[in-house]
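Single-structure report; data block below.
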Amino acid sequence: MNEQHDQEPPDPDPDPDPDPDPDPESDPDPEDEMVSEVDPLRIDLPDLSDFYAPRLSGIYESLFRPLQPYLEQQSRLARFAAAAARMQEFAVPRVPVVIPGLNAAIEAMRAQMADLTGFNDAITQALAPLTAGAFQAARWHRVFASMAEAARGIYPENLRELTPGLDEMETLLVDEGIPLMWVPGPGTVQALLEAPDAAARRRLIGQRWKGIANDCEGVLDKVNHPDLQDARSFALDVVHALRDGHTSAAQALAANLLDSVLQRHLSKAKRVELTKNDFKENGVKFRLDAYKFKMACTFAPVWYAHARYHAANGDAIPRTFGRHPSAHGVSKNQYSRINTVYALMLVTSVIKFFDAELPA
């Protein structure tokens with residue numbers, strides 16, 4: 001999807017009557033290493049730099065820690081392999097082993113770690129020749145299990161079991177402006193990822209509005225940072241107004257609350273950077289790989305919601321939620337229950353992001 005608000009799919013239900021919710025929410029592999037005829041005690045690790053796009057140095061420490069046993073045991077492993085080869089009791093693979101290779105991999109991980117899908121499988125396959133024995137297999141299984149758990153830690157709770165890759169989420173986050181961080185619940189996220197197109201996803205959000213409102217309320221109830229308590233209270237007002245059928249009031253409050261939260265907690269330069277959406281003018285999209293994982297996924301829909309709208313230029317009022325038309329294009333075309341749900345998810349996601357990132 002390469003177009004923004006001016007060419008959105010028709011809104012299936014811009015302002016439907018409150019119907020009962022039919023389903024409320026309670027909620028590379030690399031190629032095998034080539035066998036070499038050189039030193040039988042060398043193991044080549046794969047170049048991991050292509051596996052990761054955005055910078056996530058914040059989780060480097062948690063991934064480096066599980067690798068410590070390898071660093072401490074590699075010399076013993078090499079001696080064990082040499083002894084086994086001399087005794088001809090084990091079929092020692094003739095593959096290279098070089099510590100600089102591991103060091104290079106770790107440095108690559110430090111610089112480029114975000115989309116961790118495939119990480120465990122990649123290294124497991126590369127080291128498969130050495131992990132065939134039951135003892136070594138058990139050791140490496142524990143190491144990789146720890147690393148997989150650390151990888152899941154970059155996701156908020158609603159995505160932790162799904163662990164979707166950035167490629168799966170990009171269309172929803174960047175092209176359609178659907179918030180996925182912290183809300184909605186995992187069942188709705190999975191349904192959104194499996195939906196065939198934008199119209200089906202928008203329809204699904206309209207159908208599940210009650211469950212999504214519950215998801216937002218649950219996340220907001222857990223916002224603890226003292227600097228966010230007023231924002232949390234106003235966001236809960238959005239939830240209550242939506243439930244009571246005051247959708248226009250709820251959307252207006254959510255849109256202005258979003259602006260207030262960004263104004264308070266981001267510098268002007270960063271706020272302009274994250275909200276400057278000139279897609280209709282130059283076709284340039286928000287770059288997920290320019291930010292750390294949680295910031296990228298939280299603020300891509302914020303960027304989408306700030307698509308340019310100038311009433312004085314005769315711009316058509318979009319039917320999808322937008323910050324500017326909510327303020328300057330009040331109409332039945334912009335104000336709807338579905339758009340209110342989008343706005344509520346968006347402001348909830350942003351508030352929770354700051355709750356996790358602001359210093360105590």
Report yes if Lys285 is open to solvent by 30 Å² or more (accessible area, probe 1.4 Å) and within 18 Å of Asp355 (Cβ to Cβ), otherwise no. no
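When you scan region 178-197, how many residues do you find that are open to solvent by 10 Å² or more (accessible area, probe 1.4 Å) and either at positive phi or touching a Ser or Thr at 6+ places or on another chain (Cβ under 9 Å) (or both)?
Step one: filter region 178-197 for residues open to solvent by 10 Å² or more (accessible area, probe 1.4 Å), giving 182, 186-187, 190-191, 193-197.
So of that shortlist, the ones also either at positive phi or touching a Ser or Thr at 6+ places or on another chain (Cβ under 9 Å) (or both) come out as 182, 187.
Selection size over region 178-197: 2.
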Determine the pairs where a residue that is under 22 Å from Val284 (Cα atoms), located within region 171-194, has a partner that is hydroxyl-bearing (Ser, Thr, Tyr) and open to solvent by less than 10 Å² (accessible area, probe 1.4 Å) with Cβ atoms under 6 Å apart, the partner being 6 or more residues away or on another chain. Gly177/Tyr304; Pro179/Ser349
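Among the residues of region 288-317, count how many are out of contact with any strand residue (DSSP E or B) (no Cβ under 6 Å at 6 or more places or on another chain) and more than 23 Å from Ala213 (Cα to Cα).
Within region 288-317, residues that are out of contact with any strand residue (DSSP E or B) (no Cβ under 6 Å at 6 or more places or on another chain) and more than 23 Å from Ala213 (Cα to Cα) number 17.
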Tell me the helices (runs of 4 or more DSSP H) entirely within region 157-210 that contain at least 1 residues that are under 16 Å from Val341 (Cβ atoms) and over 15 Å from the mean Cα position of the chain (by Cα). 186-194, 198-207
So, of the residues in region 286-339 that are of a type in the set (Phe, Trp, Tyr) and part of a helix (DSSP H, G or I), which turns out to be modelled with the lowest pLDDT? Phe293
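The values are calculated or read from the model by the stated rules, or taken from the named source; none is laboratory data. Only a predicted model underlies this, so the values are computations on that prediction, with no experimental measurement involved. Neighbour counts run over all protein chains shown; Cβ positions are idealised from the backbone, glycine included. When the accessible area is computed, the model is the full protein with side chains, heavy atoms only, and any ligands, DNA or RNA have been set aside. Shrake-Rupley method; radii C 1.70, N 1.55, O 1.52, S 1.80 Å.
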